1. Compute the distance in nm between two label points, each set 7 Å from the Cα along the Cα-to-Cβ direction, one at B:Ser375 and one at B:Phe53.
2. Show me, for segment B:387-396, the HN-Hα J-couplings you get by feeding each phi into the Karplus relation (A = 6.51, B = -1.76, C = 1.60, θ = phi - 60°), rounded to Hz, glycine and proline as x.
3. May I ask you to list the trypsin sites (Lys or Arg not before Pro) in segment A:121-182 that are in a DSSP loop and have at most 16 other Cβ atoms within 10 Å of their Cβ?
4. Which residues' amide hydrogens lie under 5 Å from the amide hydrogen of B:Ser341, considering only partners 5 or more residues apart or on another chain, with H built in the peptide plane?
5. Looking at segment B:285-389, which trypsin sites (Lys or Arg not before Pro) are DSSP coil and have at most 14 other C-beta atoms within 10 Å of their C-beta?
6. 5 Å is the cut-off here: which amide hydrogens, built 1.01 Å from N in the peptide plane, fall below it relative to A:Ala38, excluding neighbours closer than 5 in sequence?
7. Only Lys, Arg, Asp and Glu count, each charged at its Cβ (+1, +1, -1, -1), so figure out the dipole size of segment A:53-166 about its Cα centre, rounded to 20 debye.
8. So, how do all the Cα-to-Cα distances of the protein assembly as shown break down into 10 Å bins, in percent, from 0 on up?
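The values are calculated or read from the model by the stated rules, or taken from the named source; none is laboratory data. Bear in mind the structure is a predicted one, so any value in this text is a computation, not a measurement. Because the Cβ atoms are built from the backbone with ideal geometry, glycine has one as well, and the counts that use them run over all protein chains shown. Just the protein is used for accessible areas: all its heavy atoms, side chains included, with ligands, DNA and RNA removed. Shrake-Rupley method; radii C 1.70, N 1.55, O 1.52, S 1.80 Å.
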Amino acid sequence: MFTVLNQTLLCLCFPVSHSQITRLYSRFHSLDKGENGALSREDFQRIPELAINPLGDRIINAFFPEGEDQVNFRGFMRTLAHFRPVEDNEKNKDPTSGEPLNSRANKLLFAFRLYDLDRDDKISRDELLQVLRMMVGVNISDEQLGSIADRTIQEADTNGDMSISFSEFTKVLEKVDVEQKMSIRFLH
Amino acid sequence: MPMKAVFQRRLQKLKHIRGVQQPVFSLICMLLGISFTVWFTLLLVFIIVPAIFGVSFGIRRVYMKSLIKLFEWATLRMERGAKEKNQHLYKPYSNGIIAKEPVSLEQEIQEMRRGSAEPEFDMSDIFYFCRRGVESIVDDEVTKRFTAEELESWNLLTRSNYNFHHISTRLTALWGMGVLIRYGFLLPLRVTLAFTGVGLLVVLTSIVGLFPNGRMKNYLSDKVHLMCYRICVRALTAIITYHDSENKPKNGGICVANHTSPIDVIILASDGCYAMVGQVHGGLMGVIQRAMVKACPHIWFERSEVKDRHLVAKRLSDHVADESKLPILIFPEGTCINNTSVMMFKKGSFEIGCTVYPVAIKYDPRFGDAFWNSSKFGMVNYLLHMMSSWAIVCSVWYLPPMSRMEGEDAVQFANRVKAAIARKGGLADLLWDGGLKRGKVKEVFKEEQQKLYSKVLVGSSEDRSRS
């Protein structure tokens, strides 16, 4: 168990405390009911609080790379790494070492991908409508939802292609405190 | 001819051997006989007689105190050992590993909208759902209730240890001795007692069943049940502290308690007399059930009857209406939870409309984990675990009786009782259904979340149309 953890520590190339990794490995192990070292979508859906989350399926999808049905511990950690809080000393880190997974840009990219259903790096009106429908259920009519989607695209779209690209997405959210909203703090 | 000679020679050799070993053989027999007699006399004097009269020598409490000192020493040694080797000791925390702010959906979204001119929908709304979702993946309130609680200090049982690698010879020797004592001495003793207790229960209740119905029969039945349960308590080396015994359940009421293991029944029934409720089983359980019901009326349901809610409710109300019958013992969670929380109470027993006597049971996990993880272990495996732990230590609190108030429906009443039990026992009070151990969560909860969010969206558009 410990050699696997050490490898993961090295692979991720940023400091995570030993106890945090141990805790997450223990969590990974308890979710892995099939005990085959990898999680499937069913393993995630067994978490009741996630099953009742309107965007639960989109979040689960974010863990699985394109076309795959299993995620191992490294992949699990990689996705969770987006949610590490941004520490002050990391803000001044040398940019040549590659942007850390929990940077503001990468957090925004994670959220962007929740909207971008077909992974074509654009949020079309259709995709926005589908995600909105997931969030509101049956409580809002099609027309109202359609007008909400149109208004959102109108406000964000700067190059007139009726869809939102990642840079347009970033521009719309430039005033939002992304670091705080998309971070999970460990207690120990 | 030569065959016969060979045979005869062999017979003579045997007789010679037996001749030499004869006195040794009889000596062994005598020794075994004496030790069995001594063993059973000790058992009788120290365990069975006190069980009959409900007194205690206090041996178990001394045992418990010495165990505590031992565990503390063991943990110190492990911490010191880990520090010397410069390793980090894994300390489990059952109270949650991440900081979760109890902010509701509306609050969070209002916060995000502050500063901007109140748009109807903001693309950043997704952050709330996203973060909550990932938080629940890292640590959620429900799934951890269905596995054994993690301990903060080691109790010399490998089954509860995550740090076990060789730290010091002394510690390993202690652990080894622990194994010897637990499996070589305690386990056989406990198994003997368990068989005695169960055997006596079956035999004596059948005998009491022969008496005509009346006060004498009830009196004898109470005594017999109490005695046998007390023997079973000693069979598990259960050290139980009862609090607030003035609130003990009375006839014509229902006793509800949180459920951690099948042992809960033995723990409660050794201090008071209850009518049990359950499904009819086959095998040994069936024999015990049939014997028990001869002495006093318990409520056993056939498998087919369990589905019929009206029938169940009717039988329970009929029993409760009869003042001469014992209080019913029910576990409304419906399944075993790991004793860190109390989950949703099924409303069936709260609809009957009689006095409810809540009881909180809290086990001390240091001496042996009582939780039955039925998806991992079968019953026999579980009992083996129980009987080879150090001891079962628990506290029982009898809470003051409660009844349904005006204008309160069964669900609200159930939640009120649950909250009282959780508060007294120091357990987390959860609204989640214990049935989530095996089943999926209902869609209606997701729809509630969606409705909440829609209100935030539509609500803000109403404001806009007004301004």
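1. Here the answer is 4.9 nm between the modelled labels.
2. In residue order, the calculated couplings are 7, 10, 7, 5, 6, 10, 10, 8, 10, 10 Hz.
3. Numbers: sites: A:Lys122, A:Arg125, A:Arg133, A:Arg151, A:Lys171, A:Lys175, A:Lys181; in loops: A:Lys175.
Answer in residue order: A:Lys175.
4. For B:Ser341, whose amide H was placed from the backbone, the distant partners under 5 Å are B:Ala428.
5. On the way: sites: B:Arg290, B:Lys294, B:Arg303, B:Lys307, B:Arg309, B:Lys314, B:Arg315, B:Lys325, B:Lys346, B:Lys347, B:Lys362, B:Arg366, B:Lys376; in loops: B:Lys307, B:Lys325, B:Lys346, B:Arg366, B:Lys376.
Answer by residue number: B:Lys307, B:Lys376.
6. Amide H neighbours of A:Ala38: none.
7. Details: 14 positive and 21 negative charges, 98 e Å.
Its charge dipole is roughly 460 debye.
8. Spelled out per bin, shortest first, that is 3, 12, 19, 19, 17, 13, 9, 5, 2, 1, 1, 0, 0.
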